[in-house]
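To start, the structure itself, in structure tokens.
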Amino acid sequence: MAAAAGRPPCLFCQIARGSTSTDLHYADEMVVAFRDINPSAVRHYLVIPVEHIPTVKHLQRKTEDYHLVNHMLNVGKTLLARDAPESMCSRFGFHQPPFNSIDHLHLHCLALPFTPRWRQVKYTTLGPFWGFIEAEKLLDKIRPFSKVTS
Ligand SMILES: [Zn+2]
Ligand SMILES: [Zn+2]
């Protein structure tokens with residue numbers, strides 16, 4: 001989707017279009033993935049939608065949004081499995097406003113351990129930083145009602 005008229009596109013929109021020097025570790029028509037410039041773990045990727053969606057608050061319980069987040073998570077898991085196979089534990093999630101650093105939805109994909117260790121407070125749902133939501137939890141929140149037939 002086009003950026004708001006008259007405003008320059010945000011940094012992550014520019015990365016998604018490949019118009020920066022950022023290395024894309026994955027790209028398709030829906031999402032791109034790249035390394036966090038300030039990594040908090042052995043491997044720390046961000047997976048972002050190509051479309052500009054500001055934050056998790058803008059996601060709705062509907063098939064498109066559920067499908068998008070599920071795809072972001074799958075891409076993140078695939079990348080970590082490929083690039084950090086030695087990591088025993090990983091974490092996937094989003095910062096909720098006002099704890100998000102940039103207003104373009106981005107999934108943090110972390111292959112643990114955290115480096116340095118104190119960084120973990122930013123990526124846990126417990127403790128003072130309750131602003132983090134794990135990807136699986138978010139999927140539960142936006143899972144379309146109509147699809148839950150078994
Ligand atoms: Zn953007
Ligand atoms: Zn973030």
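The requirement of being closer than 25 Å to residue 17 by Cα, out of contact with any Leu (no Cβ under 7 Å at 6 or more places or on another chain), without any contact (Cβ under 8 Å) to a residue 12 or more places away in the chain and in a loop (DSSP other than H, G, I, E, B) is fulfilled nowhere in the stretch 84-94; no residue meets it.
Just one of the listed residues (105, 24) is within 16 Å of ligand 1 (Cβ to nearest atom) and free of Cβ contacts under 8 Å to residues at least 12 places away in the same chain, namely 24.
Does residue 61 satisfy the condition of being among the charged types (D, E, K, R), part of a loop (DSSP other than H, G, I, E, B) and either away from ligand 2 (no atom under 16 Å from the Cβ) or surrounded by 20 or more Cβ atoms within 10 Å (Cβ to Cβ) (or both)? When the stated conditions are applied, residue 61 passes them. Looking at the stretch 34-55, can you tell me whether even one residue there is assigned to a loop (DSSP other than H, G, I, E, B) and of a type in the set (Phe, Trp, Tyr)? No; the residues of the stretch 34-55 include none that is assigned to a loop (DSSP other than H, G, I, E, B) and of a type in the set (Phe, Trp, Tyr).
Do we find that residue 36 is over 15 Å from residue 123 (Cα atoms) and either surrounded by 15 or more Cβ atoms within 10 Å (Cβ to Cβ) or touching a strand residue (DSSP E or B) at 6+ places or on another chain (Cβ under 8 Å) (or both) in this structure? In short, no. Sub-7 Å Cβ pairs linking a first residue in the stretch 31-51 that is touching a residue at least 60 places away in the same chain (Cβ under 8 Å) to a second residue that is assigned to a strand (DSSP E or B) and charged (D, E, K, R), at least 6 apart or interchain, are 44/35; 45/35, ordered by first then second residue.
Read-outs throughout are calculated quantities, based only on the coordinates presented, and are distinct from any laboratory measurement. The structure presented is a predicted model; accordingly, all values stated were derived computationally and were not measured. Here Cβ is always computed from backbone atoms with ideal geometry, including for glycine, and neighbour counts include all displayed protein chains.
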